[in-house]
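Written below as structure tokens is the structure these notes are about.
The values are calculated or read from the model by the stated rules, or taken from the named source; none is laboratory data. Remember, predicted model here, so these are calculated numbers, not experimental data. Here the Cβ is made from the backbone with ideal geometry for all residues, glycine too, and neighbour counts use every protein chain on show. For the accessible areas, the whole protein counts, side chains as well, though only heavy atoms, and no ligand, DNA or RNA atoms are used. Shrake-Rupley method; radii C 1.70, N 1.55, O 1.52, S 1.80 Å.
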Amino acid sequence: MRFSALKIIREGLTGNKGWTPHWRDPEPKSEYDAIVIGGGGHGLSTAYYLAKNHGMTNIAVLEKGYLGGGNVGRNTTIVRANYFLPGNSEFYSHSLKLWEGLEEDLNYNVMHSQRGIINLFHSDGQRDAAARRGNAMINQGDDAILLDREGVRKMLPYLDFDNARFPIYGGLYHPRGGTARHDAVAWGYARGADQRGVDLIQNCEVTGIDIENGKVTGVQTTRGAIRAKKVGMVVAGRSGQVAAMAGMRLPIESHVLQAFVTEGLKPVIDHVVTFGMGHFYISQSDKGGLVFGGDIDFYASYAQRGNLPTAEHVIEAGMTLMPMIGKAKMLRSWGGIMDMSPDGSPIIDRTHIEGLYLNTGWCYGGFKAVPASGWCMAHLMATDTPHEVAARYRLDRFETGRGLLDEEGTGSQHNLH
Amino acid sequence: MRINCPHCGPRDRREFTYQGDALALDRPDPEAGPDVWNDYIHNRDNPAGPTRELWYHETGCAAWLVVTRDTVTHDIHAVELASAVKGAGK
């Protein structure tokens, strides 16, 4: 089934009786060429690109719950390529290019909206840092425009420009940044993978990883044993538990990151806006809700819900930046479980076990990475060599200290990012 | 979330700073080698369930605490002074 405007009109006129399920619900086979553990954004895009780019169609995605039920359905939907360090720059640049062709590629409306991101700054020092970051983005081939105070005022007249403590000096504008409909990204990749023959197996929890003579041979699941010579672990916040089945301890701590949404309002925030003096980012969904978030709660958690002090901090930052949002009623808050790495950057790499691959460490930023993460993870699993834009996402960089990707410059230890 | 400080009694989470896994108390020998040190600094059990971690009573008595806490429910099962834990060799 292909989606098109004509199809929507025809179905609208004939009682919407012609729609079919977007993917099958297959029974697991006893053996596949490759298995992807985790049916979230990254796992589904990995399966999609394994099939599309590498012709591997005898593969399965094993998901313990339902497709897209984890972080890909629990984030603030921001898509951007505004990184500074080599290693991150080329990866996120590649991801943004994939986003720009994603809807056509998937024949699926992921509501990708390049409404622009403005990172505000509030001091001379921050302006210098923003200019330097903007130059790095331009060198990478992406777009960045340094806005002065009046330039920001034209675009975001509702900000508190004369705040006594945090006056606004300007902003770094990234026009190609924006948002996308998070669930639709998971669904689009799931449908695309399914159409190419990938088995998407839900309610199938992996309970063990079979290893013989240093090689992976398959997995044990709640729906029986499944053999495969290649297994990818793509489980974000649950990476520690899955890797433990292979006897591995990872440089990952799982933390809860909260997000918030208000009641639906008429259009008021046209871009993605971030505060430079407190961790706060906001955009408005197409449904009208103001969607915003801030820091993690800063303690290990698998609870998918946070505590009040962080909620207060985020809302205080928002009120400082744009006092008008105090008029909106908060509708919901929720939490996702972040796979926090010591340097704040991800890992896409082989493990010491042959045929076992690892994709983790996405910290705050997994959503925008979904296309490139799957692209590079599929390349790694199919060819056994890292893709050039993810070549620096090595697991051993913490041990050796070489090639650390500490974007914030705060150090490479847990609890600093 | 409230933490029952052995010195100060039950206090709000806002008074405390989280440091991480209490394995930080088991500092390896300086000559233990790079594998042991890498494991100590970077690798974590990261359990979904009970865990022991270090919290600092920053705006209270400034004591370091070993808190046994469930990462799934956020329930706190035990709070001990880190100095006592270290002294007892636990």
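Quick notes
- Per residue, the average separation of C-alpha pairs within less than 8 Å and at least 6 apart gives region A:114-193 a relative contact order of 46 percent.
- Residues in region A:384-391 carry Karplus couplings, in order, of 6, 10, x, 5, 4, 7, 10, 5 Hz; the curve used is 6.51 cos²θ - 1.76 cosθ + 1.60 with θ = phi - 60°, and Gly or Pro positions show x.
- Max mean-square fluctuation residue, GNM over chain A, Cα-Cα springs under 10 Å, options A:His279, A:His112, A:His271: A:His279
- Chain A packed on chain B takes about 2300 Å² of accessible surface away from a 1.4 Å probe, both sides summed.
- Partners for A:Lys7 among lysines (Cα-Cα distance below 18 Å; same-chain residues under 8 apart left out): A:Lys17
- Here the calculated FRET efficiency for A:Ala328 and A:Lys215, from their Cβ-Cβ distance with R0 = 60 Å, stands at 0.60, rounded to the nearest 0.05.
- For the protein assembly as shown, the equivalent ellipsoid derived from the Cα gyration tensor has semi-axes of 34, 33, 22 Å, listed largest first.
- Distribution of pairwise C-alpha distances over region A:35-94, 5 Å bins, in %: 4, 17, 18, 17, 20, 17, 6, 1
- Spin-label model, A:Tyr66/A:Thr207: points 7 Å from Cα along the beta carbon direction are separated by 2.4 nm.
- Simple spin-label estimate for A:Thr385 and B:Ala78 gives 5.3 nm between the two label positions (7 Å along the Cα-to-Cβ direction from each Cα).
- Among A:Arg74, A:Arg392, A:Arg196, the largest mean-square fluctuation in a Gaussian network model of chain A, built with springs joining Cα atoms closer than 10 Å, belongs to A:Arg196.
- The label-point distance for B:Leu23 and A:Leu146, in a model that sets each label 7 Å from Cα toward Cβ, rounds to 4.4 nm.
- Altogether, the Stokes-Einstein calculation at 10 °C and 1.306 mPa s, with the Kirkwood radius of region A:349-393 over Cα pairs as Rh, returns a diffusion coefficient of 146 µm²/s.
- Taking 20 Å as the cut-off, the amide N atoms of region A:304-342 that come nearer than this to a point 7 Å along the Cα-to-beta-carbon line of A:Asp160 belong to A:309-330.
- Probe 1.4 Å - accessible area at A:Phe298, Å² to nearest ten: 60 Å²
- At R0 = 45 Å, FRET efficiency that the Cβ-Cβ distance of A:Trp19 and A:Glu263 yields, to 0.05: 0.90
- Proximal lysines relative to A:Lys97, as straight alpha-carbon distance under 23 Å, when same-chain residues fewer than 8 apart are discounted: A:Lys52, A:Lys368
- Here region A:94-157 has 47 percent of its accessible surface on carbon and sulfur atoms, given a 1.4 Å probe and all protein chains in place.
- Free of any GluC sites (Glu not before Pro) that DSSP assigns to a loop and that have at most 16 other C-beta atoms within 10 Å, the longest stretch within chain B is B:59-90.
- In plain terms, the chain from A:Ser123 to A:Asp33 could stretch by 26.9 nm, reckoned as 0.36 nm per residue minus the Cα-Cα distance.
- Using heavy atoms of the protein chains and a probe of 1.4 Å, the accessible area assigned to B:Cys61 is about 50 Å².
- Computed lengthening from A:Asn135 to A:Lys287, 0.36 nm per intervening residue step minus Cα-Cα distance: 51.2 nm
- Cα gyration tensor shape of region B:16-90, rounded if a/c is under 1.5, else prolate or oblate by comparing a/b with b/c: oblate
- Residue-wise HN-Hα coupling along region A:233-248, computed from phi with Karplus coefficients 6.51, -1.76, 1.60 (Hz; x: Gly, Pro): 9, 9, 10, 6, x, 9, 4, x, 5, 6, 5, 4, 5, 9, x, 9
- Listed residues A:Gly336, A:Gly18, A:Gly40, most fluctuating in chain A (Gaussian network, C-alpha, under 10 Å): A:Gly18
- Calculated FRET efficiency, A:Leu98 to A:Met319, Cβ-Cβ distance, R0 = 41 Å: about 0.70 to the nearest 0.05.
- Partner lysines for A:Lys266 [C-alpha distance under 21 Å; skip if fewer than 8 residues away on the same chain]: A:Lys154, A:Lys287, A:Lys327, A:Lys329
- Between region B:16-70 and region A:6-74, the Cα center-to-center distance that results, in Å: 40 Å
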